[in-house]
Each structure stands twice: as structure tokens, then as C-alpha cells.
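J.: Attaching a single structure in C-alpha cells format; questions to follow.
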Amino acid sequence: MTTITDRDALPQQRNLRTELPGPKSRELATRRAGAVAAGVSSVMPIYVARAQGGVVEDVDGNVLIDLGSGIAVTTVGNSAPRVVAGVQQQVADFTHTCFMVSPYESYVAVCEKLAEVTPGDHEKRSALFNSGAEAVENAVKIARYATGRQAVVVVDHAYHGRTNLTMALTAKAMPYKLGFGPFASEIYRVPTSYPFRDPEGMTGEQAAQRAITSAEKAVGADQIAAVLIEPIQGEGGFIVPAPGFLAALSKWCTENGIVFIADEVQSGFSRTGKWFATQYEDVVPDLVTTAKGIAGGLPLAGVTGRAELMDSVHPGGLGGTYGGNPVACAAALGAIETMMAEDLPGRALQIEQIIVPTLKEAQADTPAIGEVRGRGAMIAIELVKRGTKEPDAALAGAVAKKCHEQGVIVLTCGTYGNVLRLLPPLSIGDDLLREGLQVLTQALASTAG
């Protein structure tokens, strides 16, 4: 197997050689302004030359600590050896035939792996696509086709993508939906479980009943094709529902012939300390959507579900020219092998044991930290104005900016823009992670006051 040689290895340490952005990044920013649409924005002002493990090196030679993983994509680390080896071999063999024209083994092998690692021991089938939004859109198609119903229920704070249908499924207007309507119809939004902001003492079961009552009043259970939910919400703020919420929703779906779809695009593939976040609640979805961490950085997504649902669609009803591209499939097989061989779910739990105590300690001294939450290597801080639960988006932005200036990549999220989220690659070393957290906690202390 091809590996990264010592000569090519990128040292796993933060190293700032210039101000950020440096001169070469500034030059690229000027070129970008004349070529790239203004609607495409970037969090960091630097331009990347290399990335490996837990660090990113820019074109000026600055090495930054990566606590974002390209939004939960490089879970196995950038340029992971098994991913690199698989991609190199596949590129040499062939780059594309279109599975719908001339199929190939790696597509089948990825679907076999998806059947193995996704929740439940029932018979499963999968279909492969290019992005999380495309996977979600196809899951909705399958649910509607299989049930003969039209309505889809989603929850507050949801994010499901940027296509027309997935914008309708997404809760947050800015920047995802504003000005892009009209949107797809037959989408119904209900309350979710948000323990930090729910009435004190509300249980998961009570939150589920609130959602169910809203859905039954708005549309009626017999009209609903699917309930679509992120088991841990991503863009909405890394919201972990109260125990019992997902199980109660899933049970109601089963009782009413409704397809329960788990959007595991951000929370799947070892990220939360289990292969999939629904496993924390012993919930077995009817359909699971995956993307992001599935292929070590290459574009690939999937819908995996009960065989009778997946096989209900007529031949030709699912697919796409690039869906399940052979190079991306090779990368996915390398990424999944890495997760298994290196026990990356276990590594995510080790990362949690470093991050959460550090942030809890900071919370004790920083009233602006309303809550520390998440699972595994999917952890967030919700920032609020002192003495209240009023969201403080300005503070979140200021803390993130200070981290960026010090060479640590962190991301914000949340319906109110007031959440800092940490998504380190699971290959990051403990010392590097602690250094990144030190920069973050110092930024919190100096900015929050």
C-alpha cells in the first residue's frame, strides 16, 4: 500500500510564518475576486497548499490546527494513506464509466459496506449519489414513491441542503434560503427537542409528543410519507435531543406507516463515537442518508434503507451521471477500512474526553458559555449574553476570528449564529488537539470578558 513518506509528511504542529492571510493568499484573493462568484464565501482568508492529519498548510507556509475537518468531511484525516492508495490505483485503472451504463465492483462494495455498518440487521439496499443534499432529496423521493403519500415532516433548526427541495426542508433563511424561492411544497415543520431552550423539565417523550401533535394537526398521519430528522442537528447548532425523543418519533412513524429518515450526513461515520448517532438511542431508521465523512474528502453520498423501500422504485428512477463515481468509491472503501482498522469510533470518544472537560472548565469561568454539548468529536459551545439565554452571535464571530488569527480553524453554526462547533479529524494527536483548545479557551476568556 502506498503511504506518505517521511519526506512528504506534514509536521503535526502549528507554525505561523507570516500574518494571516500571507502575501500569496492575498494575491490569490485578488485573483478570486475577478473569477469566483461573490455568493461563494469562505470562512478562512488563507489558501491551502497541503493538509494531512490534524493540520492544514497554506500557500505561505503557515500551518494551522484543523478543528473543522472541512465541515466533518476529512474524518479520517486529510490524505489518509488507505484513501490515497485506493484513489491512486483507481485513477490509473479508469476514472468514469457511469454505473448506469457500465457498472463496476467498487460501487457494489460500498453498498455492501453501508449495509454492514448502518443501524439494524434487516435486509438493506443502497443507492449512491454525489452530495448530502442529493442523498436527502432521493430519500424523500423513495419515501414518497413507496408510501404513495406526499407530505414530509421536518423539525425546527433543521439543515438538509441547498437544492430547491432541501432548501424547503431547511429551517434557516439566511444564508441558505433568502431570495431563492419559491420552494417545494408539502413540507411541514414541527418543534424539535432542544433541551437548552425547551421548557425546564421537558422530557424527550414530551418533546416528541409535541412534535407529533403538531404534525397530526397540520397534515394528518395518514398523509405523511416521511419524517426527516438529523439525530444530532448540524448547522442548527449541534443540538442533541433529549433521551427518548428519537425513539418516540420512530415508534409513531412505524405505527402509522411513515418512513423514518435519519439524516446522518454530518453525524455519521464514527463522528459521534458510534458509527451513526441514532445508535445512541437504539433507533433503527427506515432510511439513512450519508455523505461528508464517507469518502475521506471525495464527493460521495448514499441512501441506505430497508430493501422493500429501496427496491420499490422502478428501474431508472434513481441514479445520476456521477453518482457512485469509481474514484470516490475507492476513497470510501479506504476511509471505511481506516475507521474499522483504527477503531475511529473509539477515537472519537477519546477526543470527547479531552474536549468536554476542557470546555466545561472554561464554562465555569465564562458566563457567556450557555451550554457545552455534543457527542464524540462533534462538540459545540452555545454562547449567550451574560445572565440570559439570549443568543450572542457577535461574540461567537469574534471568538472564531481570534482563533483564526492564531492559526486554529473553528467554525460557527446555529439558527442564531451563536454556536462554536468543533469537528476535529479523528486522526488529530492529543497534544495538537489540546493546543487548539488552549487557543480557543484563551480567545473565549479574552473576548467574553
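Values quoted throughout were computed directly from the atomic coordinates according to the rules given, and no laboratory measurement underlies them. Because the structure is a prediction, the values reported are computed rather than measured. Heads up, the Cβs are rebuilt from the backbone with ideal geometry, glycines too, and the neighbour counts pull from every protein chain shown.
J.: Could you run the Karplus curve 6.51 cos²θ - 1.76 cosθ + 1.60 with θ = phi - 60° over the stretch 333-341 and give me ³J(HN,Hα) per residue in whole Hz, x for Gly and Pro?
T.: These are the phi-based 3J(HN,Hα) values: 4, x, 5, 5, 4, 5, 4, 6, 5 Hz.
J.: Counting other Cβ atoms within 10 Å, keep those with at most 12, restrict to DSSP loop, and tell me which chymotrypsin sites (Phe, Trp or Tyr not before Pro) in the stretch 87-159 are left. Walk me through the numbers before you get to the answer.
T.: Numbers: sites: Phe94, Phe99, Tyr104, Tyr107, Phe129, Tyr145, Tyr159; in loops: Phe94, Phe99, Tyr104, Tyr159.
For chymotrypsin sites (Phe, Trp or Tyr not before Pro) across the stretch 87-159 that sit outside H, G, I, E and B with at most 12 neighbouring Cβ atoms in 10 Å, the list reads Phe94.
J.: Another one. What are the extents of the Cα atoms of the chain along their three principal axes, in Å, largest first?
T.: Projected onto its principal axes, the Cα set of the chain covers 61, 61, 44 Å.
J.: Tell me the label-point distance for the pair Gln353, Met202, using the 7 Å Cα-to-Cβ offset, in nm and rounded to one decimal.
T.: For Gln353 paired with Met202, the spin-label model returns 3.4 nm.
J.: Size of the dipole of the chain about the Cα centre, Lys and Arg at +1 and Asp and Glu at -1 on the beta carbon, nothing else charged, in debye to 20?
T.: Details: 38 positive and 47 negative charges, 224 e Å.
That gives the chain a dipole magnitude of about 1080 debye.
J.: Continuing with this model, one more query. Could you calculate the contour length gain from His314 to Arg162, that is, 0.36 nm times the residue separation minus the distance between their Cα atoms, to one decimal place in nm?
T.: Working: separation 152, 0.36 × 152 = 54.72 nm, distance 2.64 nm.
Length gained, His314 through Arg162: 52.1 nm.
J.: Return the sequence-ordered ³J(HN,Hα) values of the stretch 414-420 in whole Hz as given by the Karplus equation 6.51 cos²θ - 1.76 cosθ + 1.60 applied to θ = phi - 60°, using x for Gly and Pro.
T.: x, 3, 9, x, 10, 10, 9
J.: Tell me which residues come under 5 Å, amide H to amide H, from Gly370 once H is placed; ignore anything under 5 positions away on its chain.
T.: Correct list: Glu382, Leu383, Val384.
J.: Additional query: Please list log₁₀ I(q)/I(0) at q = 0.09, 0.14 Å⁻¹ for the stretch 83-341, using the Debye equation with identical point scatterers on the alpha-carbon positions.
T.: These q points yield log10 I(q)/I(0) values of -0.38, -0.92.
J.: Then there's this: Tell me which residues come under 5 Å, amide H to amide H, from Gly429 once H is placed; ignore anything under 5 positions away on its chain.
T.: Gly54
J.: Moving on to the next point. Can you sort Val190, Val40 so the residue with the fewest Cβ neighbours within 10 Å comes first?
T.: Values: Val190 22, Val40 7.
So the residues, fewest neighbours to most, are Val40, Val190.
J.: Using the Cα centre of the stretch 83-341 as origin and beta-carbon charges of +1 (Lys, Arg) and -1 (Asp, Glu), tell me which of Gly179, Val283, Ala158 is placed farthest towards the positive end of the dipole.
T.: Towards the positive end, the residue furthest out is Gly179.
J.: Can you tell me, using C-alpha contacts under 8 Å and at least 6 residues apart, the relative contact order of the chain as a whole percent?
T.: Numbers: 960 pairs, mean separation 96.7, N = 449.
With pairs under 8 Å counted, the relative contact order is 22 percent.
J.: I need the phi-derived Karplus couplings for the stretch 143-155: 6.51 cos²θ - 1.76 cosθ + 1.60, θ = phi - 60°, integer Hz, Gly and Pro marked x.
T.: 4, 5, 5, 5, 9, x, 10, 10, 6, 10, 9, 10, 10
J.: Ranking Leu359, Leu423 by Cβ neighbours within 10 Å, fewest first, what do you get?
T.: Values: Leu359 24, Leu423 31.
The order, fewest Cβ neighbours first, is Leu359, Leu423.
J.: Pulled fully out, how much extra length does the chain show between Asp365 and Thr388, if you take 0.36 nm times their separation in residues and subtract their Cα-Cα distance? Each step should come with its number before you reach the end.
T.: On the way: separation 23, 0.36 × 23 = 8.28 nm, distance 1.56 nm.
Stretched out fully, the Asp365 to Thr388 stretch lengthens by 6.7 nm.
J.: In deg cm²/dmol and to the nearest 500, what is the mean residue ellipticity at 222 nm of the chain if only DSSP H runs of at least 4 residues count, each as -39500 (n - 2.57), divided by the residue total? Don't jump to the answer; show the numbers that get you there.
T.: Values: 13 runs with 163 residues, N = 449.
Taken over the chain, the calculation gives -11500 deg cm²/dmol.
J.: For the stretch 223-313, how big is the tail of P(r) above 17 Å, as a whole percent of Cα pairs?
T.: Working: 2017 of 4095 pairs.
The share of Cα pairs beyond 17 Å in the stretch 223-313 comes to 49 percent.
J.: Turning to a different aspect of this structure: Using the Kirkwood radius over C-alpha pairs as Rh, can you work out the diffusion coefficient of the stretch 1-132 via Stokes-Einstein at 25 °C, viscosity 0.890 mPa s, in µm² per second? All intermediate terms of the calculation are to be shown ahead of the outcome.
T.: On the way: Rh = 18.2 Å.
Stokes-Einstein gives a translational diffusion coefficient of 135 µm²/s.
J.: Right, something else. Scan around Glu57 for amide H atoms under 5 Å from its own, H built in the peptide plane at 1.01 Å from N, and keep only partners 5 or more places away or cross-chain.
T.: Those qualifying (amide H under 5 Å, at least 5 residues apart or on another chain) are Ala49, Arg50, Ala51, Gln52, Leu64.
J.: Considering only DSSP beta bridges where both residues belong to the chain, give the percentage that are antiparallel (nearest 5). Walk me through the numbers before you get to the answer.
T.: Numbers: 33 of 49 bridges.
So the antiparallel bridges amount to about 65 percent of the total.
J.: Compute the Kirkwood hydrodynamic radius of the stretch 92-150, taking the inverse of the mean of 1/r over all pairs of distinct Cα atoms, and give it in Å to one decimal.
T.: In the stretch 92-150 this quantity evaluates to 13.6 Å.
J.: Now, a different point. Counting only pairs 8 or more places apart or on different chains, how many lysine pairs in the stretch 83-341 have C-alpha atoms closer than 22 Å?
T.: So the count works out to 15.
J.: Which one, Asn418, Gln363, Met339, projects farthest toward the positive side of the charge dipole computed for the stretch 320-449 from Cβ point charges (K/R +1, D/E -1)?
T.: Asn418
J.: Which value, in debye to the nearest 20, describes the size of the charge dipole of the stretch 83-341 about its Cα centre when Lys and Arg Cβ atoms bear +1, Asp and Glu Cβ atoms bear -1, and nothing else is charged?
T.: Using only the charged Cβ atoms, the result is roughly 620 debye.
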